Amino acid sequence: MEEFDTNELFEENNEFETMKKEIEMEAAMYDLKIHLANENYDNIVTKGIDIDAMKESGINMDSLEKTLNLMLDLFIELEEYEKCSKIKEVIQQI
């Protein structure tokens, strides 16, 4: 008769809990990413963004362009094409 190793069962359960926590963390991060992209978008639409003034003051536009491209990729994934159009307009100004 084979002995039942309770440690093995505990390890399997622990691995499952770790995987579950990782999945939950990834979902929370994705939700946060969506929230921040929408918040940025709302600010751009309601308050605008003065690309010319930023350029004149010597602000490095690489970070802004990277952020806008990340937002664009997310909105494409979410099929929010109106938002994509607005973000593309801003990117083209850079």
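The values are calculated or read from the model by the stated rules, or taken from the named source; none is laboratory data. As the structure is a computational prediction, the values presented were derived from the model and not from experiment. All Cβ positions, glycine included, derive from the backbone under ideal geometry; neighbour counts span all protein chains shown. Side chains are part of the model used for accessible areas, which takes the heavy atoms of the whole protein and leaves out ligands, DNA and RNA. Shrake-Rupley method; radii C 1.70, N 1.55, O 1.52, S 1.80 Å.
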Item to check | Amide H within-cut-off set for Glu80, under 5 Å, with H built and near neighbours excluded | outcome: none
Checklist outcome for this item: From DSSP H assignment alone, runs of 4+ in the chain each adding -39500 (n - 2.57), the sum over residues rounded to the nearest 500 puts [θ] at 222 nm at -28000 deg cm²/dmol
Checklist outcome for this item: Among region 14-43, those whose backbone N falls under 12 Å of a label point 7 Å along Cα→Cβ from Ile59 are none
Item to check | Where the chain is the region considered: accessible area per residue in Å², 1.4 Å probe | outcome: 82 Å²
Checklist entry - At q = 0.16 Å⁻¹, what log₁₀ I(q)/I(0) does a Debye calculation on the Cα points of the chain give, no solvent, two decimals? => result -0.74
